[in-house]
Amino acid sequence: MAASIEPLFLPSRNQDKKDTNTSEVVCVFCDISFLVDKSFQGLLSHLLTEHKLVVSNFTGVADPPRYFAYWKKRFREVSDIADVCVTMKTNSGDDDVGPRETFLLLSEKLPEDDAIRWKLRKSKLDDVLASQELERTDTSFRRTCLFCKQVFTGNRATLLNHMARDHNFSVGRPDNLVYVEELLDILQDKLSNMQCLYCEKTFKDWQILKEHMRKNSTRR
């Protein structure tokens, strides 16, 4: 049985083009910009400390740049932000110690927030399915195998099946994959840095790395 690696999550090409033309995202309350990264931790920390806003289950937001853009526009339209957010008060009891503060919460339990999250998920899924269909029918693909010098042209499945059959390395069923070229780029970068695709250990020699990976693949 061919070995397989852990699933990798790659950004949508369409999303990169139409949703995130900039590498920065602007705060929903002020004009401070933050670099786009996987966690958006800089912006989330800013929202909490400076504006007392918490975004619940942020990892479930399919397209954060569009999500923040929606709420920035929405907040400008309402006279009282509390009308579209949950309000939470801390240390409000008679015996509580510490300053009393009011926080705002965006949560999928709010109908409007849930609606925009659902819309973004559907849009992202549509992009993925469209890209997958294009890749299945694209015949311009050309790539050298990650493990040998054989070149494959036409459908991506020919290369993927070759690696599974001849090198005992599988990233999954070709028909179930999308953004294959981006995935291959990531794997190629790791191999170029002499890094094992299974355990991420680095080696000084390509032949030693290949033998190490061969042994790892037979254990799986």
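Any read-out appearing in this document is the output of simple, stated calculations on the displayed coordinates, not a laboratory observation. Since the structure is predicted, the reported quantities are computational estimates derived from the model, not experimental observations. Heads up, the Cβs are rebuilt from the backbone with ideal geometry, glycines too, and the neighbour counts pull from every protein chain shown.
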List the aspartates and glutamates whose Cα lies under 16 Å from the Cα of LYS109, skipping any in the same chain that are fewer than 8 positions away.
-> ASP83
Computed over the chain: longest principal axis from alpha-carbon atoms vs helix 156-166 long axis, angle to nearest 10 degrees, is 60
Which residue, PRO174, PRO111, PRO65, has the most motion in a Gaussian network model of the chain that connects Cα atoms within less than 10 Å?
-> PRO111
Where is the GNM fluctuation largest for the chain (alpha-carbon springs, 10 angstrom cutoff): GLU182, GLU200, GLU112?
-> GLU200
Links that overshoot a 29 Å alpha carbon limit, given the list LYS124/LYS210; LYS38/LYS72; LYS38/LYS149 = LYS124/LYS210; LYS38/LYS149
Residues meeting the amide H criterion for THR144 (H placed from the backbone, H to H distance under 5 Å, 5 or more places apart or on another chain) are PHE152
For the residue pair LYS89 and VAL151, what label-to-label distance in nm results when each label sits 7 Å from Cα along the Cα-to-beta-carbon direction?
-> 7.2
FRET efficiency, ASN161 to LYS122 (Cβ-Cβ, R0 30 Å, nearest 0.05) | 0.40
Eligible aspartates and glutamates near LYS204 by straight Cα distance, threshold 20 Å, same-chain separation 8 or greater | ASP189
Give me the number: length gained by fully extending LYS72 to THR202, i.e. 0.36 nm times residue separation minus the C-alpha to C-alpha distance, one decimal in nm.
-> 42.3 nm
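Grab the DSSP H runs of the chain that are 4 residues or longer, score each as -39,500 (n - 2.57), total them, divide by all residues and round the 222 nm result to the nearest 500 deg cm²/dmol.
On the way: 7 runs with 95 residues, N = 220.
So the calculated ellipticity at 222 nm is -14000 deg cm²/dmol.
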